[in-house]
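Below: the structure, in structure tokens.
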Amino acid sequence: MKFGGSSVADITKIKNVANRVINKKKKYHRVVVVVSASGDTTDELIEQAHEITDMPDSRELDMLLATGEQISAALLAIAIKSRGYNAISLTGPQAGIYADGSYTKARITGIKPQKIVEELKKNKIVIVAGFQGINPYNDITTLGRGGSDLTAVALAAVLKADICEIYTDVDGIYNADPRVCPCAGKILKISYDEILEMAGAGAQVMQARSIEVAKKFNVKIEVKSSFLNKPGTIIS
Ligand code: ADP
Ligand code: ASP
Ligand code: MG
């Protein structure tokens, strides 16, 4: 289950996400959750760095940006544990997500999910901070804007998840951005190539790179609402 920034935008929403995750855990034995930074946190952090200098150091920018996702992960773990369910939050590096040496838009080079698997065996809900990994210099890096989608898809691939659910502020993928075009129609099922084409044309609903990875490893994705209980769009 991946929850985007709008789904964890405030404490009430984080509590809503906790309920959704707990309900999923009641039905399925092993649940892994990926979270984004809340609301506009990432944009605000970038702005703060740019208030200091036009060209912030890219390593330090990644240190800064990675904090947004870590806040969401820890708050969600606190919310789930307060409801009596066992959970643990992990940074990208703790989750074993390895990335190349390019800051601010690193590529995932490999995943060693031992820690995730160990914690799942202890019956915990594992919450991973999206959008981040560790590079060969032991630095935290970020995976490009929208990179929590990539974290979710890559973890689903390596953990051989039944499905990668992307929870967001729309109830699926439409033939146009439903916020711009109210008469847009919802698509029930779409291929990797079709969604890649839409992403290439600017539809931000899924990060393009995450779809490339989903296609390569044949990860089934459902894009759905984090606020409404209804089927979303299947990407397969
Ligand atoms: P999240 O914060 O959950 O990652 P994003 O803002 O990245 O969410 O993506 C969801 C947004 O994508 C929606 O609010 C919607 O405005 C936009 N969007 C653009 N094109 C489409 C489309 N074709 N179908 C659905 N949503 C779209
Ligand atoms: N917080 C990051 C961003 O705003 C990653 C994500 O939301 O997927 O780009
Ligand atoms: Mg997104």
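If the condition is being away from ligand 1 (no atom under 16 Å from the Cβ) and open to solvent by less than 10 Å² (accessible area, probe 1.4 Å), then segment 136-154 contributes only T141. In the set A73, A79, A95, A87, only one residue is open to solvent by 10 Å² or more (accessible area, probe 1.4 Å) and within 30 Å of N23 (Cβ to Cβ); that residue is A79.
Listed conditions (1) within 11 Å of ligand 1 (Cβ to nearest atom); (2) touching a Phe, Trp or Tyr at 6+ places or on another chain (Cβ under 8 Å) are all met by S236, apart from (1).
Number of residues in segment 197-236 that are within 16 Å of the chain's Cα centre (by Cα), more than 14 Å from ligand 2 (Cβ to nearest atom) and open to solvent by 50 Å² or more (accessible area, probe 1.4 Å) equals 2. Looking at this structure, is P231 modelled with pLDDT under 95 and of a type outside the set (S, T, Y)? Criteria not met by P231.
Just one of the numbered conditions (1) away from ligand 3 (no atom under 16 Å from the Cβ); (2) within 24 Å of D40 (Cβ to Cβ); (3) out of contact with any helix residue (DSSP H, G or I) (no Cβ under 6 Å at 6 or more places or on another chain) is not true of E197: (2). Among residues of segment 155-183 being away from ligand 2 (no atom under 16 Å from the Cβ) and open to solvent by 60 Å² or more (accessible area, probe 1.4 Å), the one that is nearest to V213 (Cα to Cα) is K160.
The values are calculated or read from the model by the stated rules, or taken from the named source; none is laboratory data. Keep in mind the model is a prediction, meaning the values are calculated, not measured. A quick note on method: Cβ atoms are made from the backbone with ideal geometry, for glycine too, and the neighbour counts reach across all protein chains shown. To get the accessible areas, we keep the full protein, side chains included, count just its heavy atoms, and leave off ligands, DNA and RNA. Shrake-Rupley method; radii C 1.70, N 1.55, O 1.52, S 1.80 Å.
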